[in-house]
Amino acid sequence: MGGKLGNFWTESTDGTGPAAIDSFTPILTKKNVLRLGSRWYATDQSILPQLPEEVSQDQALIEGAAQKIMINAYERNPIARKRCLAHYGHSCIVCSFNFEERYGVLGRDYIHVHHLVPIGSLKKEYIVDPIKDLVPVCPNCHAMIHRNGPAATLGIAELRNLLLGPIPESPKGPR
Ligand SMILES: [Zn+2]
Ligand SMILES: [Zn+2]
């Protein structure tokens with residue numbers, strides 16, 4: 001009896017020798033990771049849920065029960081953001097800049113949201129508190145807050161002091 005072989009390419013012309021794969025196209029697919037309880041899942045979702053009420057029925061089914069989720073995307077979470085801004089308004093908490101006041105309708109509702117709690121200090125069961133943990137900041141102030149990386153995130157008061165204090169002298173000194 002004889003089995004049918006698949007289509008393999010061989011290195012020798014007479015059809016003997018080791019089989020070789022003719023071509024191989026590496027494909028990398030970008031996925032986000034979603035943590036449910038103690039497990040991580042790859043997901044195509046671009047905005048990840050952080051609040052328990054955002055856990056969809058499908059996600060809940062994965063683990064059998066809805067669990068708390070921790071992801072370092074609190075600043076982009078639409079529900080957390082909405083609650084934060086409903087409380088604080090849309091002016092930068094550091095410099096008071098308000099996009100609508102300055103740019104009119106174009107700037108309406110535009111503001112970043114900054115997460116005050118250093119990610120490294122978060123407990124496993126952490127759930128973001130949109131009022132205690134989040135504040136509105138303009139993109140300029142937000143950039144300065146994160147300027148020195150995650151290990152040296154500036155506090156709100158710290159940045160406000162820099163902003164309101166005397167303009168720092170040029171590090172190059174007078175010419
Ligand atoms: Zn600002
Ligand atoms: Zn931030």
Restricted to the range 78-99 and to residues being within 16 Å of ILE145 (Cα to Cα) and within 13 Å of ligand 2 (Cβ to nearest atom), the residue surrounded by the most Cβ atoms within 10 Å (Cβ to Cβ) is VAL94
Per the filter on the range 133-151, residues away from ligand 1 (no atom under 16 Å from the Cβ), free of Cβ contacts under 8 Å to residues at least 12 places away in the same chain and charged (D, E, K, R) are none
When TYR126 is run through (1) at pLDDT 85 or above; (2) out of contact with any helix residue (DSSP H, G or I) (no Cβ under 9 Å at 6 or more places or on another chain); (3) of a type outside the set (A, V, I, L, M), the failure sits at (1)
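Quick check, is CYS141 surrounded by 11 or more Cβ atoms within 10 Å (Cβ to Cβ) and more than 20 Å from ASN77 (Cα to Cα)? If you could, list the steps in order and put the result at the bottom.
Working: surrounded by 11 or more Cβ atoms within 10 Å (Cβ to Cβ): yes; more than 20 Å from ASN77 (Cα to Cα): no.
The answer is no for CYS141.
Which residues, counting only those in the range 87-112, are touching a residue at least 60 places away in the same chain (Cβ under 8 Å) and farther than 17 Å from PRO130 by Cβ? Walk me through how you get there before you give the answer.
From the range 87-112, those touching a residue at least 60 places away in the same chain (Cβ under 8 Å) are 93-95; that's our starting set.
Listed by number, the residues that qualify are VAL94, CYS95.
Anything in the range 100-154 that is β-branched (Val, Ile, Thr) and either in a loop (DSSP other than H, G, I, E, B) or at positive phi (or both)? List them, or say none. I'd like the intermediate steps shown before the answer.
Taking the range 100-154 and keeping what is β-branched (Val, Ile, Thr), we get 105, 111, 113, 117, 119, 127-128, 131, 135, 137, 145, 153.
Across the range 100-154, the qualifying residues are ILE111, VAL117, ILE127, VAL128, ILE131, THR153.
The values are calculated or read from the model by the stated rules, or taken from the named source; none is laboratory data. No experiment lies behind these values; they were computed from the predicted model shown. Because the Cβ atoms are built from the backbone with ideal geometry, glycine has one as well, and the counts that use them run over all protein chains shown.
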